[in-house]
Amino acid sequence: MVTALKPPRVLVVANQKGGVGKTTTAINLGTALAAVGAPTLVVDIDPQGNASTGLGIPHNARKLTTYDVLMGGATIADAVTPTKIPGLSIVPSTVDLSGAELELIELPRRNYRLKDAFAEFTRNPSQPFSYVLIDCPPSLTLLTVNAMAAADAVVVPLQCEFFALEGLSQLLKTIERVRGNLNPQLEIQGIVLTMFDKRNKLSDQVAADVRETLGEKVYATVIPRNVRISEAPSHGVPALVYDLRCPGSQAYIKLAGELIQRESPPTAAIRPSSDVASLSVRKGRPRITRVKKPSLRRWHSSSRTPSVTSIPAARRILIPRPRTSGNGSRHPTTTRAMPAATSARAHGGVCPVCAHGSSET
Ligand SMILES: Nc1ncnc2c1ncn2[C@@H]1O[C@H](COP(=O)(O)OP(=O)(O)OP(=O)(O)O)[C@@H](O)[C@H]1O
Ligand SMILES: [Mg+2]
């Protein structure tokens, strides 16, 4: 296991538009980061619980959830649930979280509940995570604000479709407000174009527009539309485990490499302990070398220079190949979009972003 020497980098995966690939990005980026030796915690702060389902956490295993953390009923350490992926854990969520928006209004430091929970968690120098990825709901209400207040940076998935830029300006304004009022160090880590369809001219046009508008903030890696990505959640595994070689999985591996490069020097935080593993990034591709622990060998089949390309071996060992049921149907797929954003009225007349109308900041 790689030793995290610093508090983890907390990245929030946010876009108030529904169905743009937030959860898919959190799950697969998390898997790719874990696979290259950067232990990662996914925090599911969406009442839909799609990240929890997509990472194979059954409902009856979601004992302590993000709801409990926000309400002060559990610490993050208590709620961390391991997944089948070595190095990848999750704080799961359930539908209980949909009530949290209203309950939070009554609580002190309502915008900082998650931040405070992380502060307590990272006080422990032996916490194992190098990255935290928070999967947000499709809204800009208190849950997303809590996530942004707790985060170092935002990763924005942007679907290559006609209205992509329209929603983005609203998101950027929210980030700006959070930075101004709640979290001055919040940055944009990057914007990732998702569901790119090379046969569709519109995808090209949108990608060109976004790059022209946002320049270097847009990752060079583009996530293609790929049916294997959409099939994976119904089997409770990330696409990287379901089909490592599919173009979507390969793109998420590249994205992890790009993200790690953007994070350096902060990724110096991932200093491999000498007897375990060493992380390097060559030509944008993360690799692990010198793996000695058996647990990592299971994960990486080649003993000399194992890399994320050997994930299928781990899949064979750790995760039985998903089966369809007798009548050929698959497990139910994840649920879709949440109800629209709650208005400031629902927050007792207090703006959930800038806390206008309240004495608290
Ligand atoms: N690159 C892709 N290719 C094909 N399908 C994709 C891709 N990315 C995501 N999907 C599918 O699109 C749907 C929406 O993706 P996802 O759930 O990740 O979006 P989201 O932004 O988290 O949605 P929500 O706003 O509801 O939380 C899912 O069915 C997912 O499997
Ligand atoms: Mg989602």
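The numbers here are math on the coordinates, done by the rules we state, and not lab data. Please read all numbers here as calculations on a predicted model, not as lab measurements. Virtual Cβ from ideal backbone geometry, glycine too; neighbours counted across all protein chains shown.
Figures for the structure shown
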{"quantity": "The listed residue being surrounded by fewer than 24 Cβ atoms within 10 Å (Cβ to Cβ), of a type in the set (Val, Ile, Thr) and out of contact with any strand residue (DSSP E or B) (no Cβ under 6 Å at 6 or more places or on another chain), out of VAL222, VAL227, VAL178, VAL218", "calculated": "VAL227"}
{"quantity": "Filter result for THR25 (within 13 Å of ligand 2 (Cβ to nearest atom) and over 18 Å from GLU101 (Cβ atoms))", "calculated": "yes"}
{"quantity": "Per-region count, segment 155-191, residues in contact with a helix residue (DSSP H, G or I) (Cβ under 6 Å, 6 or more places away or on another chain), within 22 Å of ARG262 (Cα to Cα) and assigned to a loop (DSSP other than H, G, I, E, B)", "calculated": "2"}
{"quantity": "Single residue of LYS22, LYS63, LYS84 found to be free of Cβ contacts under 8 Å to residues at least 24 places away in the same chain and either crowded, with 24+ Cβ neighbours inside 10 Å or away from ligand 1 (no atom under 13 Å from the Cβ) (or both)", "calculated": "LYS63"}
{"quantity": "Criterion: near ligand 2 (Cβ under 10 Å from one of its atoms) and under 24 Å from GLN127 (Cα atoms) - qualifying residue of VAL13, VAL36", "calculated": "VAL13"}
{"quantity": "Test: residue in segment 125-138 that is in a helix (DSSP H, G or I) and not aliphatic (A, V, I, L, M)", "calculated": "no"}
{"quantity": "Search result, residues across segment 47-61 that are farther than 20 Å from ALA239 by Cβ and either of a type in the set (Phe, Trp, Tyr) or within 16 Å of ligand 2 (Cβ to nearest atom) (or both)", "calculated": "PRO47"}
{"quantity": "Residue in segment 98-138 that is nearest to GLY19 (Cα to Cα), counting only those that are touching a residue at least 24 places away in the same chain (Cβ under 8 Å) and of a type in the set (D, E, K, R)", "calculated": "ASP135"}
{"quantity": "Test: residue in segment 224-233 that is of a type in the set (A, V, I, L, M) and part of a loop (DSSP other than H, G, I, E, B)", "calculated": "no"}
{"quantity": "VAL95 being surrounded by fewer than 24 Cβ atoms within 10 Å (Cβ to Cβ), within 16 Å of ligand 2 (Cβ to nearest atom) and without any contact (Cβ under 8 Å) to a residue 60 or more places away in the chain", "calculated": "yes"}
